[in-house]
Amino acid sequence: MTTTKLKPDWVGDDLLSRLVNRAIQTPALYALMKRQARQVLIKTAEKNGVPWRQTCIDLDRPEMRQRLAEITNPAVVYPDYYQVPFHAYSEGNLCWQAAFEAAPATYAMALRVWPQEDMSWQEAQARLRQSFLDVLDQHGTAEVNDILDVGCSVGISTLSLHRHYAQKNPVRTVGLDLSPYMLAVAQSQDANGEIAQWMHGAAEATGFADASFDVVAMQFVTHELPRTATQAIFAEALRVLRPGGAIAIVDNNPKSPVIQALPPVLFTLMKSTEPWSDDYYTFDLEAALVEAGFESPITVPSDPRHRTLVARKG
């Protein structure tokens, strides 16, 4: 009988995890890992037709600097967890390079979910987003008029979510992120002004009124957070949701056999660019949602690498 492990051996306090962490804390090795992690993504992207370098060239124009100035909220105070090296960028998400490369990196990530299947990056991305939406349709709230996409990055998740619900009835969607660089790119990609607001702010304290949204989404965000931040965001999500509304989360699945069986090179590279991996993979999201005041969540393995959780506000 095969027993499903709750998490990979390469996170937490396991011996393997400690050895990997020690390697990451060695400056020369860490610098090498960051470069290698970046090259893995770029190679995956460009081998499959994702225009990584051209995308960056197209986005790097004076108009983007003006967007940054207009969208930045000078009152935002960045939490300590957001000011550490992340995704191979020394400035984390607070730089143009991270923002310009976010979309190609996202497309490459989707391709790695189904490496044995012959599909374009567009097909892989659509499949990734739809797998989340299918679970939300089945277990979320029936009536959706107002949506908050937390940690929206460059808006790929936000536009996908908005367009899905806009097919049924008019909806108001807000994309929220701590990086004004990401938001400047998101706004530039929202050519038709579909999104009501691209908001620079912290998800722990959004400033929105109580009971003002039907859905709060967190798409590939929680693995980027220490658990204390996740707990604070859950509390804020409960506050801004209407009764019967739902929080919907999609992220890496600690129980995924694919994630657990990653080759040493890949999981070491992953940990080197994801500073909160140990916290995420050893944190019980379901229990945290209930502790925050949500009803017991539904958890569905929505693709080979990821799980979707939906929890409703009573």
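Of all DSSP bridge pairs formed entirely within the stretch 15-313, close to 40 percent run antiparallel.
Distance between the 7 Å Cα→Cβ label points at ALA211 and LYS5: 4.6 nm. Relative to the current alpha-carbon distance between GLN138 and GLU63, full extension at 0.36 nm per residue lengthens the span by 22.9 nm. Full extension of the chain segment joining LYS43 with GLU286 gains 83.9 nm, where the gain is 0.36 nm per residue of separation less the Cα-Cα distance. Packing here is the average count of other Cβ atoms within 10 Å per residue, and on that basis the peptides 31-41, 16-26, highest first, run 31-41, 16-26.
With contacts taken as Cα pairs under 8 Å and at least 6 residues apart, the stretch 1-91 reaches a relative contact order of 18 percent. Taking the protein heavy atoms of the chain in the context of the full set of protein chains, the accessible area attributed to carbon and sulfur is 54 percent at 1.4 Å. Summed over the residues of the chain and divided among them, the accessible surface reaches 45 Å² per residue at a probe radius of 1.4 Å.
Between LEU32 and ALA235, the simple spin-label model (points 7 angstrom out along Cα→Cβ) gives 4.4 nm.
As a length-normalised measure over Cα pairs under 8 Å and 6 or more apart, the relative contact order of the chain settles at 21 percent.
Taking 0.36 nm per residue of separation and subtracting the current Cα-Cα distance, fully stretching the chain between LYS168 and ARG127 would add 12.8 nm.
For the chain, the equivalent ellipsoid derived from the Cα gyration tensor has semi-axes of 28, 25, 20 Å, listed largest first.
Label sites at ALA75 and LEU16, each approximated as a point 7 angstrom past Cα along Cα to Cβ, lie 4.8 nm apart.
The values are calculated or read from the model by the stated rules, or taken from the named source; none is laboratory data. It should be emphasised that the depicted structure is a prediction, and the values quoted were computed from it without experimental measurement. Quick reminder, even Gly has a Cβ in these numbers, built from the backbone with ideal geometry, and neighbours come from all protein chains shown. These accessible areas exclude ligands, DNA and RNA; they are computed on the full protein's heavy atoms, side chains included. Shrake-Rupley method; radii C 1.70, N 1.55, O 1.52, S 1.80 Å.
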